[in-house]
Amino acid sequence: MIFIFAFCVFTICSSCFSDGVKKIPDIVNVTNQDSAVNKNAQIKRDSFKELRLIKVIQSKVKNPKSELSVYESAVNSPKSATYSKDGKKIYVNSLEGYTTIVFDSKTLEKLKEIRHEFTHKNNNLFKNNENSVFDYKFKQKKEDYNHFLGKPVESCLSHDGKYLWVTYYRRDFDPKAESPSAIAIIDTKTDEIVRVIPSGPLPKMIACSNDNKFVAVTHWGDNTVGLIDVSSNNPFDFKYVAHIVVDYRLKMDFNSNVNRDSECGNCLRGTIFTPDSKKLFVAKMGGNGIAVIDVPTKEMEGTITGSSLNIRHLLINNNDLILSSNKFGVVQKGNLDEINSKDFDENKINEFSNWKSVKLGPGVRTIDVTKNGKYIFACVNNESKISVVDANSMTKISEIDVASFPVGMSLSPDETQLIVTSQGKSSTPNSGNTITVYEVVYH
């Protein structure tokens, strides 16, 4: 009887990720999601125990063998995930599907598809039909630049969770991301786009300030950051108030054969406001360190160096600055007060060496952390794994396989659920295109 039970669990779980790349034999099956989550919610979360598989949502197998796997055609290169502030909904950005998928976080049923498609029918979403900002020009010649499909990348919540901001990697008519892109603002009550704001080239990351006064848009394409005043409650009052250059600005030379995805200078990525909203930290994924922008003066102060290079993601939690290094496969943390206590030198450098590090494997992408700062979760892209780190000792305490090439993740507000997006890679057929949901179990 024991042998039969073990065989069944192995069979169910190993078929959940049948993407031709990864098989998952070691994840515990959850047969009753509601009872498991409710029971877990009553436990004081002092000690992490394990990640239990709840659901696999994928677009590769229409009739999956496992009861835990469901087919969803809207899943197309899922890039990132964000929970609503109340934790009741999950927003997944399906980059190549030009769609943000909305799921019920309890049932994991699809509630809606928010399509990022703009025609004459919804021109009202663009204030005064604006299609660009600052001095950006379009390489392409079009009758209406606001007729496009947007590729959603990252998100953040403003106004106490009322608005979800979604960046567009590029407009679909701009194959090399050389022209201005845009950002959608979604009302999380109706799950409808209420405004589209133009941006610079290739805005991969976006951050909402804690005081609900600013939104920062990080332009991977030319080493700049756009700062938007969002102090009003009306989305059509939101406006850019600064265009901040990080070290130097790349020229948009339309006469050259440039692909801004790879030729991106500092390749600005991870972006986060400090808790007091007075500083903005921006990771130089293609450069050295973390740029520091003073929000009141709207100027770059300098660069924090001394960490591992190729920084992809930034978090601030319990007075720690936490980062992921993609190429070198590490997660590091440093005390924020210690970092800020050092002045920038004459070269505008603050070299900070007191980092605590843990090696997880090449391709560490998105990270998340529990509110008490005890546990860090990380996507290890190249090894198709999810790692869990004890943040106090900075040691890896758990590791599980996940659908191939995870890039995004989000921990639910109550910290009992973790969602992971596996985008896949074009070089590996039948990989990715999967959303995986886990229950986070504590002792």
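Just so you know, all these numbers are worked out from the coordinates, no wet-lab data involved. Every value quoted in this text rests on a predicted model; they were computed, and no experiment measured them. Ideal geometry is used to build each Cβ from the backbone, glycine not excepted, and the neighbour counts take in all protein chains shown.
Every residue, every condition in (1) within 21 Å of Gly363 (Cβ to Cβ); (2) touching a helix residue (DSSP H, G or I) at 6+ places or on another chain (Cβ under 9 Å); (3) surrounded by fewer than 17 Cβ atoms within 10 Å (Cβ to Cβ); (4) not charged (D, E, K, R), yes or no:
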| residue | (1), (2), (3), (4) |
| --- | --- |
| Asp276 | no, no, yes, no |
| Thr297 | no, no, yes, yes |
| Thr303 | no, no, no, yes |
| Leu309 | yes, no, yes, yes |
| Arg312 | yes, no, no, no |
| Leu315 | yes, no, no, yes |
| Lys333 | yes, no, no, no |
| Glu338 | no, no, yes, no |
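Considering only residues in segment 433-443 that are within 18 Å of Lys371 (Cα to Cα) and of a type outside the set (Ser, Thr, Tyr), the one that is surrounded by the fewest Cβ atoms within 10 Å (Cβ to Cβ) turns out to be His443.
For the subset of segment 397-432 comprising residues that are under 16 Å from the mean Cα position of the chain (by Cα), part of a loop (DSSP other than H, G, I, E, B) and among the polar types (S, T, N, Q), which member is surrounded by the fewest Cβ atoms within 10 Å (Cβ to Cβ)? My answer is Ser412.
Looking at segment 203-217, is at least one residue part of a loop (DSSP other than H, G, I, E, B) and of a type in the set (Phe, Trp, Tyr)?
Just the residues of segment 203-217 that are part of a loop (DSSP other than H, G, I, E, B), to begin with: 209-213.
Cutting the leftovers down to of a type in the set (Phe, Trp, Tyr) gives us none.
Checking segment 203-217: not a single residue is part of a loop (DSSP other than H, G, I, E, B) and of a type in the set (Phe, Trp, Tyr).
Of the residues making up segment 148-173, those that are surrounded by 23 or more Cβ atoms within 10 Å (Cβ to Cβ) and farther than 17 Å from Ser80 by Cβ are Phe148, Arg171. In segment 381-389, the condition of being over 26 Å from Leu95 (Cα atoms) and touching a Lys or Arg at 6+ places or on another chain (Cβ under 9 Å) is met by at least one residue. The set of residues in segment 62-88 being touching a residue at least 60 places away in the same chain (Cβ under 8 Å) and either more than 17 Å from Gly432 (Cα to Cα) or assigned to a strand (DSSP E or B) (or both) consists of Pro78, Lys79, Ser80, Ala81, Thr82, Tyr83, Ser84, Lys85, Asp86, Gly87.
For segment 248-263, a residue qualifies if it is within 19 Å of Ala291 (Cβ to Cβ) and in contact with a Phe, Trp or Tyr (Cβ under 8 Å, 6 or more places away or on another chain), and exactly one does: Arg260. For segment 229-279, a residue qualifies if it is in a strand (DSSP E or B) and of a type in the set (Val, Ile, Thr), and the qualifying residues are Val241, Ile244, Val245, Thr271, Ile272. In the condition set (1) part of a strand (DSSP E or B); (2) hydroxyl-bearing (Ser, Thr, Tyr); (3) more than 19 Å from Gln423 (Cβ to Cβ), Tyr145 is compliant with all but (1).
For segment 233-274, the set of residues classified as exposed (fewer than 15 other Cβ atoms within 10 Å of the Cβ) and of a type in the set (Phe, Trp, Tyr) consists of Phe236, Tyr248, Phe254, listed by residue number.
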